[in-house]
Structure formats: C-alpha cells, structure tokens
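Contents: one structure, followed by commentary.
Here, each number is a calculation from the coordinates, and none is a lab measurement. No experiment lies behind these values; they were computed from the predicted model shown. Here the Cβ positions follow ideal geometry from the backbone for every residue, glycine too, while neighbour counts run over all protein chains shown.
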Amino acid sequence: MKRNASIDDYLKPLAECPLQCYLTNTLQVADVVEWVLAQVGKATIWQTSFSISEEFLRRLFFIEKSGKVDTIHLILDFKATQKTLRLWPFLTRVIEHTYLADNHSKVILIRSEETARTVSIITSQNLTRGNRNESAIVTTDPAVFATFHEALTDIMKNHSVPLSELFAQKIAE
C-alpha cells in the first residue's frame, strides 16, 4: 500500500459490508489478504494467479510467520514455469501446495476454521507488486466461496501438475 494511505479508505469491515469492490493503484492484493486475516482469524488460503513475484512471497512469508495462516494452496500458469522454478527454494518455504495449470485467473479464497468465515477475493492483480490500477471484488457470500472452491479443487486434482513433481523432473534433466 502506498504511504499515507489506509485500507479503510477503500474497504469497510467485512461484517459491515459483505460485498465490496475497489479500483485503485494504491492497494496491493497482499494488503487485502492481511486485512481479511485480521478480521477472520487464522485461515487456509487458496490462491490462483498467472505468476507470483519474490516480493509477494516475502509478504506471504511474514503473514505465515505471524501465525495467521494454516495452509496455502497456489495455482500458477504453465507459461510462468521458468520464473516459478527460479523462486522454488523460497516458494517451498512459504507455500505447502503449488500447482501449475492453464490458469489466468486471480482468485483468493480464505477460510477460517476458528470463526467458520469465508472470504473470496476476485482481482485483476497477479500475485506481484505493481503500481498499476487494479480492481477487486471482496465478498463473504458463502455461495461464491463454494463455487470457486469447487472449481479450484477440480483444477488441483484433475487439471494440474504439482510443482514438486515438475521440479523433480527438471533436476533429473
């Protein structure tokens, strides 16, 4: 997030506003993830993106280190494989389950077992840092979460390659 900016300038607490959106170059998707976790408690996260950056991974590392995350599942695109493999040592320290698939979606699902709350973030931003205008919809609607969770589970089980297998193959070459 840009200096002198507050997430409260763009989003209201989830309990007050179960469906909201933004379009700005001020917020980063990692800011929104932290903001959600502060409201729902320790959670499991599912994320999809075309690619991921080291800077975003650093943010996730500190979020996880703070004890706010149980498990992270990540789906990235096959076309970003070389970049993803360069981040492999760091990626495996932060994210337990990484998959490669034909993916261009940017969805983040957050489910807290503590509070039984779910949040879905549908965004235009990859899991990277940028200073471009990005948009997102944030909702606590259980039906939206369930629809995306079902689709992501199908992709992970039936239409992806677990990155650990791909990496092992790359080492063998």
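Results, tabulated for the structure shown:
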| read-out | value |
| --- | --- |
| Residues whose placed amide H lies under 5 Å from that of F50, excluding near-sequence neighbours | L127 |
| Distance between segment 21-60 and segment 71-138 - C-alpha centres, whole angstrom | 8 Å |
| ³J(HN,Hα) computed for each position of segment 19-28 - Karplus, 6.51 cos²θ - 1.76 cosθ + 1.60, integer Hz, glycine/proline x | 9, 8, 8, 8, 9, 6, 9, 8, 7, 10 |
| Protection-proxy order for peptides 148-159, 33-44, each taking the mean of Cβ atoms within 10 Å per residue, highest first | 33-44, 148-159 |
| Distance (nanometres) between label positions extended 7 Å along Cα→Cβ at T115 and F50 | 3.3 nm |
| Relative contact order of segment 29-172, pairs being alpha-carbon contacts under 8 Å that are 6 or more residues apart, as % | 27 percent |
| Residue pairs, from the table K106/K157; K12/K83; K2/K157, whose Cα atoms sit over 29 Å apart | K12/K83; K2/K157 |
| Gain in span if fully extended, H159 to T71, counting 0.36 nm per residue against the direct Cα distance | 29.6 nm |
| Note, ³J(HN,Hα) from phi for segment 55-70, Karplus 6.51, -1.76, 1.60, rounded to Hz, x at Gly and Pro | 4, 5, 4, 4, 4, 4, 4, 6, 5, 5, 4, 6, x, 8, 10, 7 |
| In Hz, Karplus ³J(HN,Hα) per residue of segment 138-150 (6.51, -1.76, 1.60; θ = phi - 60°; x = Gly, Pro) | 10, 9, 9, 4, x, 5, 5, 4, 4, 4, 5, 4, 4 |
| DSSP-defined antiparallel bridges as percent of all bridges, segment 29-172, nearest 5 | 60 percent |
| Rounded if a/c under 1.5, otherwise prolate or oblate - the chain, Cα gyration tensor axes | prolate |
